[in-house]
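Note sheet for the following structure.
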Amino acid sequence: SSRSRMQQTSSKDPLPDSLRQAIARVRATLDDDALWDELDDAARDADRPDEVSALYREVIADNHDPELLLRIGQRGVAFHEEWYEDGAHAIEILKRLSVLTPGGDWAFERLTLLLTMAERWDDLLGQYDRKLASTPDPARRLPLLDEAARIAKDFAGQGERASDYLKERVLSKPEDDQLASALERRLERQHRHQDLIEIWSARLGTLSGEEALATRVQIADRQLNELSDAAAALSVAEEISSLPGGEEEASR
């Protein structure tokens, strides 16, 4: 674009004193919003965003107070959206902010929007993995797992990865019969026998006595016939033998 060519040319010229001074003032006092306003204005007056872009990214990459990083990061995202058609620098800033507290949720939502618009599915799922790794609260993890599974299944074409997210979802809420049934069908098609066993084992406490007995039989059959793990199957068979009505299946 003409703006890109103009920026490439101007970036080789000496930096105007007003912009150089504005950069120096911000470096000396990062938490002064008025100085950042002056810096943004100086970049517009000089038509020189590149040096200011570099400063934003340098500051965001450093280990400053999270609240300060959020304030500057929000400014930085707006600055890059104003000046650059390519969202790469804004994405770089948002990746840094998305795992912080506070403000991480805001940055994560903006980041996932930009990556979705760019159809960068692998990168998008990688950001969900990073967010999940920094989110221990189960209540906050569940919607993230749902979103990641939908993206992996419907957009990225990564069925196995979708099953991984759904598996954690079911293990977190084993009483969800509908989700568990849907996941079991997926795992059957994918021949993921050990994952099925883990799902069935997690759900035993949510089932009636008869259903729990039948599920234990499924587990033992799968361990023996699909995984060739006779010792594990025998251990489950011993559990079955102690349950009402389980003697015949245990003997088998």
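More than 30 Å from residue 115 (Cβ to Cβ), open to solvent by 20 Å² or more (accessible area, probe 1.4 Å) and part of a helix (DSSP H, G or I) - does that describe any residue in the range 169-183? Yes - at least one qualifying residue is present in the range 169-183. Under the condition of being touching a residue at least 24 places away in the same chain (Cβ under 8 Å), assigned to a helix (DSSP H, G or I) and hydrophobic (A, V, I, L, M, F, W, C), the residues counted in the range 74-105 number 7. Just one residue in the set 231, 212, 152 is hydrophobic (A, V, I, L, M, F, W, C), within 30 Å of residue 107 (Cβ to Cβ) and either in a helix (DSSP H, G or I) or at pLDDT 95 or above (or both); that residue is 152.
Among the residues making up the range 1-33, those that are exposed (fewer than 14 other Cβ atoms within 10 Å of the Cβ), aliphatic (A, V, I, L, M) and modelled with pLDDT of 95 or more are 24, 28. Considering each residue of the range 51-61 in turn, none proves to be surrounded by 19 or more Cβ atoms within 10 Å (Cβ to Cβ) and in a loop (DSSP other than H, G, I, E, B).
Check whether at least one residue in the range 189-210 is under 27 Å from residue 119 (Cβ atoms) and not basic (Lys, Arg), and report yes or no. Within the range 189-210, one or more residues are under 27 Å from residue 119 (Cβ atoms) and not basic (Lys, Arg). Using the structure shown, decide if residue 83 is hydrophobic (A, V, I, L, M, F, W, C) and under 22 Å from the mean Cα position of the chain (by Cα). Criteria not met by residue 83.
Among residues of the range 25-37 that are among the hydroxyl-bearing types (Ser, Thr, Tyr), those with a Cβ under 9 angstrom from a residue that is surrounded by 10 or more Cβ atoms within 10 Å (Cβ to Cβ) and in a helix (DSSP H, G or I), sequence gap 6+ or separate chain, pair up as 29/35. Residue 157 meets the conditions (1) farther than 23 Å from residue 204 by Cα; (2) at pLDDT 95 or above; (3) part of a helix (DSSP H, G or I) in every case but one. The failed one is (3).
The values are calculated or read from the model by the stated rules, or taken from the named source; none is laboratory data. Since we're looking at a predicted model, the values are computed, not measured. All Cβ positions, glycine included, derive from the backbone under ideal geometry; neighbour counts span all protein chains shown. All accessible areas refer to the heavy atoms of the entire protein, side chains included, with ligands and DNA or RNA removed. Shrake-Rupley method; radii C 1.70, N 1.55, O 1.52, S 1.80 Å.
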